[in-house]
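In what follows, a structure is listed as structure tokens, so that the remarks can point back to it.
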Amino acid sequence: VKGLNYPVNVGRNIARLEAATHFIFPSDVELYPSPGLIPDFLSMIRRNEDPALHRDNPRVFVNSIFEVKKDILKIPESKAELLAALDSGDAIPFHQKVCSLCHSIPNSTEWMDKSHIQ
């Protein structure tokens, strides 16, 4: 469809254009955000510490996505649990086996540094 920024999903475009907020968190039904993600994000915004907050518009905050094995007993709920699942092979970066370059995570090496676990 000509003129649409994201022709794959007209519903997302309608929601994006009609949102009554400065921040939009697009997600799919099969994605499970970390508990506390939204309050933590809003807290970060209020603290105004992230360098990205000082850039001119538009600002995009990427939520990294990981796949977990379907038989995993507990979905990781923290960075520490996710790193453990990645180490054990119970989790992988999203579409790592399909097209790892298509879904590479900027600064993933720094993010996965265990010394920064909160």
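Residue count for the range 8-28 satisfying the condition of being part of a helix (DSSP H, G or I) and surrounded by fewer than 11 Cβ atoms within 10 Å (Cβ to Cβ): 4. Does Ser88 satisfy the condition of being among the polar types (S, T, N, Q) and surrounded by 12 or more Cβ atoms within 10 Å (Cβ to Cβ)? So Ser88 does not fit the description; no. Of everything in the range 67-101 that is hydroxyl-bearing (Ser, Thr, Tyr) and assigned to a loop (DSSP other than H, G, I, E, B), the residue that is nearest to Asp40 (Cα to Cα) is Ser78.
Applying a threshold of 6 Å to beta carbon distances and a minimum spacing of six or more residues, or different chains, the list of pairs starting in the range 77-89 at a residue that is modelled with pLDDT of 90 or more and ending at one that is surrounded by 13 or more Cβ atoms within 10 Å (Cβ to Cβ) reads Leu82/Pro76; Ala85/Pro76; Ala85/Ala91. Any idea which of Ser64, Ser104, Ser34 is under 19 Å from the mean Cα position of the chain (by Cα), at pLDDT below 80, in a loop (DSSP other than H, G, I, E, B) and hydroxyl-bearing (Ser, Thr, Tyr)? Of the residues listed, the single one that is under 19 Å from the mean Cα position of the chain (by Cα), at pLDDT below 80, in a loop (DSSP other than H, G, I, E, B) and hydroxyl-bearing (Ser, Thr, Tyr) is Ser104. For the range 62-76, the set of residues classified as more than 28 Å from Ile24 (Cβ to Cβ) and touching a residue at least 12 places away in the same chain (Cβ under 8 Å) consists of Lys69, Ile72, listed by residue number. Taking every residue in the range 91-118 that is within 20 Å of Lys70 (Cα to Cα) and surrounded by 12 or more Cβ atoms within 10 Å (Cβ to Cβ) and pairing it with any residue that is among the β-branched types (Val, Ile, Thr) and at pLDDT 85 or above, at least 6 positions away or on another chain, the pairs with Cβ-Cβ distances below 9 Å are Ala91/Val68; Ala91/Ile72; Ile92/Val68; Pro93/Ile65; Phe94/Ile65; His95/Ile65. Cβ-Cβ contacts under 7 Å between residues 6 or more apart (or on different chains), taken from a first residue in the range 32-45 that is closer than 30 Å to Lys70 by Cβ to a second residue that is among the aliphatic types (A, V, I, L, M) and surrounded by 13 or more Cβ atoms within 10 Å (Cβ to Cβ), are listed as Tyr32/Ile75.
The values are calculated or read from the model by the stated rules, or taken from the named source; none is laboratory data. Everything numeric here is computed off the predicted structure, so don't read it as measured data. Please note: Cβ atoms are built from the backbone with ideal geometry, for glycine as well, and neighbour counts cover all protein chains shown.
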